[in-house]
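Report on the following structure.
Nothing in this text is a laboratory measurement; each read-out follows from the coordinates by a stated rule. Fair warning: this is a prediction, and the values are worked out from it, not measured in the lab. Cβ coordinates were reconstructed from backbone atoms using ideal geometry, including for glycine residues, and neighbour counts include every protein chain displayed.
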Amino acid sequence: MSNFTPKTPIELQIRKIIFEKFNDVDSKFSNDEIFEIIKENSDIDPSWIIDDIESFINKICDSGLARNIAQNFTTIWLKLFDPVEKFQCTTCNHDICLGTSEERICPNYSCKSSI
């Protein structure tokens, strides 16, 4: 991989996409859909493939925001546990999106401040 550094951390990008496009507990969405939107926004290493965001998707599942409801090779289908809310982290100054039942801690890996 190159030395590319996104303006917004990948996990925050994924959470924002979920908030803006898939914020419905009755809908399902996939990592493929998320990856395509990130690529359209051009804030990702251009050499990345879908497998490169799998660890971020797993973190989102581990945090309690979403759950893996099905998987087929590289496609992971997800559903939200709760609706997503948007906050501003006053420490790192990023918009962050958290599920209503998630712990109020900034998901930015370089911040982790209380919200």
Provide the per-residue ³J(HN,Hα) series for the stretch 17-27, in order, calculated from phi with Karplus coefficients 6.51, -1.76, 1.60 and θ = phi - 60°, each as a whole number of Hz, with x at glycine and proline positions. 4, 4, 4, 7, 10, 10, 7, 9, 5, 8, 9
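Relative contact order of the stretch 10-85, please, whole-number percent, based on alpha carbon pairs below 8 angstrom and at least 6 residues apart.
Computed over the stretch 10-85, the figure is 40 percent.
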Burial ordering of PHE87, PHE81, fewest other beta-carbon atoms within 10 Å first: PHE87, PHE81
Most mobile of ILE38, ILE96, ILE60 per a Gaussian network model of the chain (Cα springs, under 10 Å)? ILE38
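Counting other beta carbons within 10 Å of each residue's own, what order do SER63, SER30, SER113, SER42 fall into, fewest first? All intermediate terms of the calculation are to be shown ahead of the outcome.
Values: SER63 17, SER30 20, SER113 13, SER42 9.
The most exposed by this proxy come first: SER42, SER113, SER63, SER30.
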Vicinal HN-Hα couplings computed from phi for the stretch 53-65 (Karplus, 6.51 cos²θ - 1.76 cosθ + 1.60; Hz; Gly/Pro x): 9, 4, 5, 5, 5, 4, 4, 5, 5, 5, 6, x, 6
Just to confirm the filter: which trypsin sites (Lys or Arg not before Pro) across the stretch 8-109 are DSSP coil and have at most 14 other Cβ within 10 angstrom of their Cβ? ARG104
In sequence order, what are the phi-derived ³J(HN,Hα) couplings for the stretch 103-109 according to the Karplus relation 6.51 cos²θ - 1.76 cosθ + 1.60 with θ = phi - 60°, rounded to whole Hz, with x for glycine and proline? 4, 7, 10, 4, x, 5, 4
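Pairs to check: LYS16/LYS79; LYS28/LYS112; LYS7/LYS28. Give those whose C-alpha atoms are more than 24 Å from each other in this structure.
LYS28/LYS112; LYS7/LYS28
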Where a label projected 7 Å from the Cα of CYS111 along Cα→Cβ would reach, residues of the stretch 9-40 with amide N under 17 Å: 9-20
Counting Lys and Arg as +1 and Asp and Glu as -1 over every other residue whose Cβ sits under 11 Å from the Cβ of SER55, the net charge comes to -4
